[in-house]
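Everything below concerns the one structure shown next.
The values are calculated or read from the model by the stated rules, or taken from the named source; none is laboratory data. Please read these numbers as outputs of a predicted model, since none were measured by experiment. We place every Cβ from the backbone using ideal geometry, glycine too, and count neighbours over all the protein chains shown.
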Amino acid sequence: MRMSFGQEMRMAQKQVLAPRMIQSMEILQLPVMALEERIEEEIQNNETLEVEEMGQEGPVAEMLVEQEPPAVERTVDEMPLIVDQDHANQADFERTYDWANEYPDSDDDRTRPSASQIEQAGDRYLDVMANMAERPETLCDHLHEQLSNYELTGAEREAADKVIYNLDANGYLPMPLEELVDADGGPDQLAHLEKALRVVQGMDPPGVGARDLKECLLLQIRHDTPNARALRRLVSEHLEDLAGNRLPLIEKKTGFTIEQIEQLREQLHEFKPKPGAVFTVPIVVPVKPDVYVDQMPDGTWKVRLEDIDLPNLRISPLYREMLMSPATDPATRDYIKRKINSAQWLIDAIEQRRATLLKTSQAIVDHQTRFLTEGPEAIEPLKMQQIADRIGMHVTTVSRAVDDKWLQTPRGLHALRKFFVGGTKGADGEEVAWDAVRMKLQEIIDAEPKDAPYSDDELVQELGKRGIVVARRTVTKYRKAMKIPSSRQRRDWKLVRTEAGLLPEGDDDAGVAEESDDEG
């Protein structure tokens, strides 16, 4: 069946716009730092795209001033936002159909960089190298430095290297030595590996090279360690009972008194269950705010973009002039058209990103004003569909707009996704966000009697007194997720606060037995 003219046009429109719409979505999803890199890459690869200098004038610019796209104000009220996607596609299609249809993108568009571009890239590379922080010492570095002090044969040293390079970040050897034997190696490989492992296990930090927690703790008990014999017995035979706080059972089996067992446990708290972790440098990903929010004199909150590091892009007047010049040969004209088309789409995508991000962020802030005025405990339940309905966009567009984006508020820097939280009904029928429930749960546990901690059933009752109605299984799930021990463990164990939550003193959440909280 023959298609109508309108159907043919719509088919052509889809074929032309699909790659560009994908590019627009990609630009929308980029955080501001990644967008800076993308723009820099595009400038390097597209000579028709350039940064507009302040006060830049000239005969070519004057001639083309009417052809430049109008400047877009970056305020949330005046920023254009395309809601009707079909209408938006039609407008884009009418503007770019000729160039995009007659001169499609080519994978061969990229040209060799000029000498000045190479020089600029080299200068940037040298600046980065000059300002790069010195690499911190790793566990492998530390162990290899000690290895030079041992008299080993070539095969033994090779085996020690293999053991060291296979240690994980915590300093453990996560596989049996048999897996390190090469198929084409000699018959003495395993013996060399066993000796190498003993050498590594004698190095600093104590406990390195262990295969499990028990071996790690035993390696840290040296001949001059106080109570070494009793500690070895406790770790070798009763580590699981110790983690489960079954002290009477240990007393019965060992003959140690409860007081002695507690003293030995306190001594074990000084050991390191993850000896290699001290060499692990946490990777801190730099974060730059994409959106800022300020409180206005009338008490309302207004979002703004402050993308001062993003250059103002424009189409090069020189290449526009070449495009219009009769002296330009057809092949060059075709090439310039493709490049200008690509550059204009990038400029439009960046402006659309600004518009969408502002609209989305303002809608989120309007919903979460209590968070800004009262604090995290006042965060409101919010779904992405609510924001999508509010601003007239598809929920997937909202998801891309908030992905990896950060909002700078008077209460600190927060990921935009953080403001989307589920909730439950309070006693008064109002919705309460799950984050608020968790904060209230932590508050109740912090204030509970230390000699009679609340069971999960009692925690449910305490939350109910504060107008929060939740099921017991919900409290249990949150308590475990927050790494808060059961009521029995909280009663019997001396607790300290760590960044991970409440854990037994000296513990790093290793070897802690999971336990139900059925008793009060």
**Asked** Applying the selection to segment 300-321, what residues are over 28 Å from D334 (Cβ atoms), at pLDDT 90 or above and not β-branched (V, I, T)?
**Response** W301, K302, R304
**Request:** Could you tell me whether segment 240-252 includes any residue that is surrounded by 14 or more Cβ atoms within 10 Å (Cβ to Cβ), of a type in the set (V, I, T) and over 30 Å from A160 (Cβ atoms)?
**Result:** yes
**Message:** I need every pair where a residue in segment 314-331 that is in contact (Cβ under 8 Å) with a residue 12 or more places away in the chain and on the phi < 0 side of the Ramachandran plot has its Cβ under 6 Å from the Cβ of a residue that is part of a helix (DSSP H, G or I) and not β-branched (V, I, T), sequence separation at least 6 or different chains.
**Reply:** I315/A343; P317/A61
**Item:** Those residues of segment 458-473 which are of a type in the set (D, E, K, R), under 21 Å from R488 (Cβ atoms) and surrounded by fewer than 16 Cβ atoms within 10 Å (Cβ to Cβ), in sequence order
**Value:** R472, R473
**Asked** Quick one: which helices (runs of 4 or more DSSP H) sit completely within segment 427-502 and have at least 3 residues that are under 21 Å from G375 (Cβ atoms), of a type outside the set (D, E, K, R) and modelled with pLDDT of 75 or more?
**Response** 434-446
**Request:** Tell me, yes or no, whether segment 346-367 has at least one residue that is at pLDDT below 90, out of contact with any helix residue (DSSP H, G or I) (no Cβ under 6 Å at 6 or more places or on another chain) and on the phi < 0 side of the Ramachandran plot.
**Result:** yes
**Request:** Check Q189 against each of (1) at pLDDT 90 or above; (2) crowded, with 17+ Cβ neighbours inside 10 Å; (3) of a type outside the set (G, A, S); (4) over 19 Å from P273 (Cα atoms) and name the one condition it does not meet.
**Result:** (1)
**Message:** Which count do you get for residues in segment 153-178 that are outside any loop (DSSP other than H, G, I, E, B) and of a type outside the set (V, I, T)?
**Reply:** 12
**Message:** Against the condition assigned to a loop (DSSP other than H, G, I, E, B) and more than 16 Å from Q408 (Cβ to Cβ), how does P289 come out, does it pass?
**Reply:** no
